[in-house]
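Structure first, then comments.
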Amino acid sequence: MPSLLRDEILKTCDVVVVKVGTNVLTDSDGLLKEERIEQLTDDLCRMIVKKKRIVLVSSGAVGAGMGRLGLTERPSELSKLQAVAAIGQGKLIETYERFLNRHGVHSAQVLLTADDLSNRKRYLNARNTIRTILDYRALPIINENDTVSVDELYTTFGDNDRLASLVANLFETPLLILLTDVDGLYDRDPNDPAAKLIPVVENWSPDLMKMITEKHSNRSKGGMSSKLKAVKMITGSGGNVIIANGNYSETLSDLFAGEEVGTVFLVQNSFLAARKRWLGFAVRVEGRLILDAGAVDAVCHKGKSLLPIGIIDADGIFEKGGIVSIVNDTGKEVARGLTNYGLKDILLIKGKKTSEIQTILETTGYVEVVHRDNLQIIT
């Protein structure tokens, strides 16, 4: 029976981003499961026909390449791994295109790297391109550009989970569906006979990370921990997330019907401006500002700008306008922001009153090291 909560989430989201993991798309030998891709595209196209905006983030390029080349183990050498991904990506997109054409829906291949979403200009270009593709009622099929990106192939994106969350964050009120090879989040190890599936998580808690156990595969790198990191990112900036088992043929159609499948994680913040999402989640930091307890309280709880007097220390390599991680005195990150000063100047004015800045730097400077409009809390 459809859930009123699930139904409301589907009705109010401005886009549905579906991420499909490698283990859903390929069999144990690494070959693409074309019948599964056919089912997925059928379900996606039914929603597109209903004028729902759908984005697909698809893993499987390396797994598809392994299958085409007859490999049984994921290559460890970077050049071979990139070559396998390039060979597999063609097969992956061709398969999607073939099944989409049956519904009169066009596919649009979009290959991204972490740098594409870390650079503000390219971030905006990606957002505009994907939104325009959706205006044409086509299906954007997004994957990490494994042939040129080193990070994703090893650790950074974790089987496209973080990439999917960054793509979802291009929109104001997204629903991110992570299709994986587990039924959702359990209250303990799923192998425990007493384990129970958690249908709804209303509030994010660090304790959720303690509830997971990881499965290992030679074809994929994503685990539940990477999915929960994606959950934290999306629910903290205006969206909802569902984790469900994509190995069942009916999963996606049930989700689109509002059925209680998998685990839904509810939005924590109703809205976060696109620029703040980029600042808080997409960018790569260039350095750190270490604050005392009073400055942390002022920035995180009182909505204040960061002044030099609250800075204990700073490190990294950054100039004026650089992206910095703002941490407390134990090293825990509490915010990110665009700094008005480079590292050299910050080390000179840290711990000082704003009235002393002009004397120390021998020039008229900014009152704030990071203005509150250029700062995003991420705790």
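Here, each number is a calculation from the coordinates, and none is a lab measurement. Since the model is a prediction, treat every value here as computed from it, not as a measurement. Neighbour counts are summed over all protein chains in view; Cβ atoms, including those assigned to glycine, are modelled from backbone coordinates with ideal geometry.
Net charge in the neighbourhood of Leu134 (other residues with Cβ under 13 Å of its Cβ; Lys, Arg +1, Asp, Glu -1) is +4. The helix-based estimate of mean residue ellipticity at 222 nm for the chain, built from -39,500 (n - 2.57) per DSSP H run of four or more residues and divided by its residue count, is -10500 deg cm²/dmol to the nearest 500. Among Asp42, Asp192, Asp183, the largest mean-square fluctuation in a Gaussian network model of the chain (Cα springs under 10 Å) belongs to Asp192.
Lys and Arg at +1, Asp and Glu at -1: add these up for the other residues within a Cβ distance under 15 Å of Glu38 and post the number. It works out to a net charge of -2. Ordering Ala314, Ile346, His371 by the projection of their Cα atoms onto the charge dipole of segment 285-377, which places +1 on the Cβ of Lys and Arg and -1 on the Cβ of Asp and Glu, puts His371 at the extreme positive end.
For Ile177, the residues whose modelled amide H falls within less than 5 Å of its own, excluding neighbours fewer than 5 places apart on the same chain, are Val17, Val18, Lys19, Ile242. Extension gain for the segment Lys304 to Glu250, taken as residue separation times 0.36 nm less the Cα-Cα distance, is 14.5 nm to one decimal. A simple charge model with +1 on the Cβ of Lys and Arg, -1 on the Cβ of Asp and Glu and nothing else charged puts the dipole of the chain at about 980 debye relative to its Cα centre.
May I ask for log10 I(q)/I(0) of the chain at q = 0.08, 0.12 Å⁻¹, from a Debye sum over the Cα atoms as equal point scatterers with solvent left out? Debye curve over Cα of the chain, log10 I(q)/I(0) at q = 0.08, 0.12 Å⁻¹: -0.45, -0.92. Relative to the longest principal axis of the Cα atoms of the chain, the long axis of helix 78-101 lies at roughly 60 degrees. Straightening the chain between Thr330 and Asp373 buys 13.0 nm, computed as 0.36 nm per residue apart minus the Cα-Cα spacing.
In the elastic network of the chain, a GNM with C-alpha springs shorter than 10 Å, the most mobile of Phe318, Phe265, Phe171 is Phe318. Taking the centroid of alpha carbons for each part, segment 91-108 and segment 114-142 are 19 Å apart. The slack between Glu8 and His103, meaning 0.36 nm per residue of separation minus the straight C-alpha distance, is 31.5 nm.
For the chain, modelled as a GNM whose springs connect Cα atoms under 10 angstrom apart, the maximal fluctuation among Gly262, Gly322, Gly63 occurs at Gly322.
Distance from the Cα centroid of segment 235-266 to that of segment 343-368 is 50 Å (rounded to whole angstrom). For the pair Asp29 and Ala293, label points projected 7 Å from Cα toward Cβ lie 6.3 nm apart.
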